[in-house]
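Remarks on the structure that follows.
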Amino acid sequence: MMLRTGRKDDEDWLFQLFSSTMQDYIDDAWGWDELLQREGFITSLPANKFQVLEFAGKAVGSYHLSDRETHFLLDMIMVIPEQQRKGYGKLMMKQIKRQSIDNNKPICLNVLKSNPAIQFHLSEGFQKMEDDEHSISMVWPGPDS
């Protein structure tokens with residue numbers, strides 16, 4: 001198993017992963033416009049800012065972590081649907097938390113209320129901060145909280 005930095009040739013795979021894991025939840029909240037989603041995804045989340053998790057030479061998951069002044073923002077963490085619940089998300093989260101600890105910054109994220117990943121984040125020690133009509137803001141303040 002290895003993590004590597006995303007490449008330009010990962011763009012289509014990353015967008016397909018995003019679509020397969022998030023389309024239903026986005027569609028429920030605001031509606032899904034394929035062209036708008038693709039354009040926004042590629043523009044806002046360039047492939048070279050992703051970490052891609054490979055197992056046996058095959059990409060199985062990915063995450064995008066933005067380094068902000070006071071915190072890290074976990075923009076997304078995704079595992080291909082047929083490989084979910086096999087520990088890949090936990091493995092990536094371990095790396096994300098290591099980066100948080102090494103830089104002494106909390107991790108913040110937003111998750112759609114209809115997304116069952118809320119339970120994953122809670123099990124990983126994230127705390128609910130606030131919510132709005134569609135999403136919940138969460139934070140992982142660090143290992144000593």
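Is at least one residue of the range 72-85 assigned to a loop (DSSP other than H, G, I, E, B), modelled with pLDDT under 95, charged (D, E, K, R) and closer than 19 Å to PHE120 by Cβ?
yes
Could you please find all residues in the range 100-119 being open to solvent by less than 60 Å² (accessible area, probe 1.4 Å) and in a helix (DSSP H, G or I)?
The answer is SER100, ALA117, ILE118.
Output the residues belonging to the range 25-43 that are part of a helix (DSSP H, G or I) and touching a residue at least 24 places away in the same chain (Cβ under 8 Å).
Residues satisfying the conditions are TYR25, ILE26, ASP28, ALA29, PHE41, ILE42.
Modelled with pLDDT of 95 or more, closer than 26 Å to ASP27 by Cβ, open to solvent by less than 60 Å² (accessible area, probe 1.4 Å) and aliphatic (A, V, I, L, M) - does that describe any residue in the range 120-135?
no
In the range 29-71, which residue that is more than 12 Å from the chain's Cα centre (by Cα) and closer than 24 Å to GLN127 by Cβ is most open to solvent (accessible area, probe 1.4 Å)?
Top of the filtered list is GLU69.
The values are calculated or read from the model by the stated rules, or taken from the named source; none is laboratory data. Since we're looking at a predicted model, the values are computed, not measured. Counting neighbours? That spans all protein chains shown, and the Cβs are built from the backbone with ideal geometry, glycine included. All accessible areas refer to the heavy atoms of the entire protein, side chains included, with ligands and DNA or RNA removed. Shrake-Rupley method; radii C 1.70, N 1.55, O 1.52, S 1.80 Å.
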